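Reviewing the structure listed below.
A short reminder: the numbers here are calculations on the coordinates, not readings from a lab. Given the structure is predicted, the values throughout are model-derived calculations rather than measurements. Every residue, glycine as well, gets a Cβ built from its backbone with ideal geometry; the counts of neighbours run over all protein chains shown.
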Amino acid sequence: MARARRGTSTGAPLRRYFARKLLVYALTFVVAVTVNWMIPRFMPGDPVASMVSRARVSQPEAAEAMHAYYNNLFGFDEPVWQQYLHFWSALLQGDFGLSVWVFPTPVSDVLLDALPYTLGLMIPAVLLSWIVGNWAGALAARRKVLDNTVLPAGYLLTAMPYMWIAVILAWALGSKAGWFPISGGYSLDIQPSWTLDFALDLAHHWVLPFLSLFLVALGGWAIGMRNMIIYELESDYSSYLSALGAPQRLIRRYAFRNAVLPQVTGLALQLGVLVAGALVTEIVFAYPGLGSLILAAIQNQDFFLLQGAFLFIVIGVLIANFVIDVVYVLVDPRTRTGMAGGQS
């Protein structure tokens with residue numbers, strides 16, 4: 001009965017909490033997508049003129065007819081407010097439009113070809129750097145030798161921009177050592193297929209972009225966890241437990257559990273930075289992910305491809321933040337207790 005009453009007392013506040021979160025995320029999505037729609041239209045240049053120029057039409061009448069056709073096809077001849085309404089109408093139907101760069105390929109097809117490469121880089125780099133960084137930071141807080149090595153290495157890695165470490169890795173492990181290829185997602189003499197040879201070649205090209213993302217993120221997590229563990233071990237409850245004769249292993253376990261909660265919050269805050277780092281890294285290594293697509297879209301003034309790529313990034317970051325919100329409620333009993341107390 002008591003358990004049933006506790007479930008009832010926390011169930012309603014939890015539902016209100018997640019409903020409020022979903023509302024905030026929905027508003028954020030609308031604002032972010034609107035800004036993403038506006039940014040390409042502030043860019044200088046005319047994408048249709050660029051398409052007509054690439055066609056190399058010599059007759060002015062034909063060039064003018066092509067210009068009018070493409071303007072009508074992409075809706076550029078309509079007022080801006082109508083373009084904005086048509087954009088949302090098409091977006092709600094899952095239509096991202098046609099790519100200007102690889103016309104007439106749908107933007108959704110271009111994005112779906114590149115998305116696995118970006119996710120294959122981002123997800124392992126984010127999760128492994130968080131796990132290994134927290135583990136290394138927790139060890140460094142307890143051992144002087146590790147503290148004297150992990151802390152300087154962490155500061156060095158965190159201070160290095162993604163582009164710098166990507167260039168250094170490409171020079172050292174690619175150009176000099178010759179261990180890994182420095183560009184592309186796979187070798188040009190191999191066709192993408194579900195074979196072991198292609199998988200090995202894909203992994204070979206994946207190593208350097210992954211390492212550059214992993215190493216930069218690793219330093220920040222290690223420093224953060226090391227500082228948090230030291231703070232927790234010097235707090236009043238740790239001194240009280242130690243005075244009561246509690247084993248050091250138990251005190252360190254409590255300190256780790258309290259220290260990991262800010263790291264979970266930091267993961268949500270760092271996702272945007274990590275996504276930006278992944279896009280820069282892809283450009284350095286010519287990796288065929290969303291970063292390379294965004295660069296190509298800017299160079300070719302492809303409004304629709306740029307909007308689609310930003311839309312995928314916005315959706316990915318919002319979903320990841322919502323998942324972290326759910327995890328935080330599950331792992332932090334103080335949050336659930338606060339909700340129940342607020343209800344009562």
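Structure notes:
- Förster radius 51 Å - calculated FRET efficiency between Ile298 and Arg143 (Cβ-Cβ, nearest 0.05): 0.60
- Among the chymotrypsin sites (Phe, Trp or Tyr not before Pro) in the stretch 104-201, those located in a DSSP loop and surrounded by at most 15 other Cβ atoms within 10 Å of their own Cβ are Trp179, Trp194.
- Distant-in-sequence amide H partners of Leu98 (H built 1.01 Å from N, under 5 Å): Val107
- Summed side-chain charge close to Arg253 - residues other than Arg253 whose Cβ falls under 13 Å, Lys, Arg +1, Asp, Glu -1: +3
- Rounded to 10°, Cα long-axis angle of helix 196-233 versus longest principal axis of the chain: 40
- Rounded to the nearest whole Hz, the Karplus-based 3J(HN,Hα) values (6.51 cos²θ - 1.76 cosθ + 1.60, θ = phi - 60°) of the stretch 141-158 follow the sequence 5, 9, 10, 4, 4, 5, 4, 6, 10, 5, 5, x, 5, x, 4, 5, 5, 5, with x at glycine and proline.
- A simple charge model with +1 on the Cβ of Lys and Arg, -1 on the Cβ of Asp and Glu and nothing else charged puts the dipole of the chain at about 2240 debye relative to its Cα centre.
- Amide H contacts of Ala286 (H built 1.01 Å from N, under 5 Å, at least 5 apart or other chain): Gly184
- Neighbour net charge for Leu27 - beta-carbon separation under 13 angstrom, K R +1, D E -1: +2
- CD proxy at 222 nm, helix term only [per DSSP H run n ≥ 4: -39500 (n - 2.57); per residue of the chain; nearest 500]: -27000 deg cm²/dmol
- Only the Cβ atoms of Lys and Arg (+1) and of Asp and Glu (-1) were treated as charged; on that basis the dipole of the stretch 181-283 about its Cα centre amounts to roughly 580 debye.
- Counting charges near Glu64 (Lys, Arg +1; Asp, Glu -1) among other residues having Cβ under 14 Å from its Cβ returns a value of -3.
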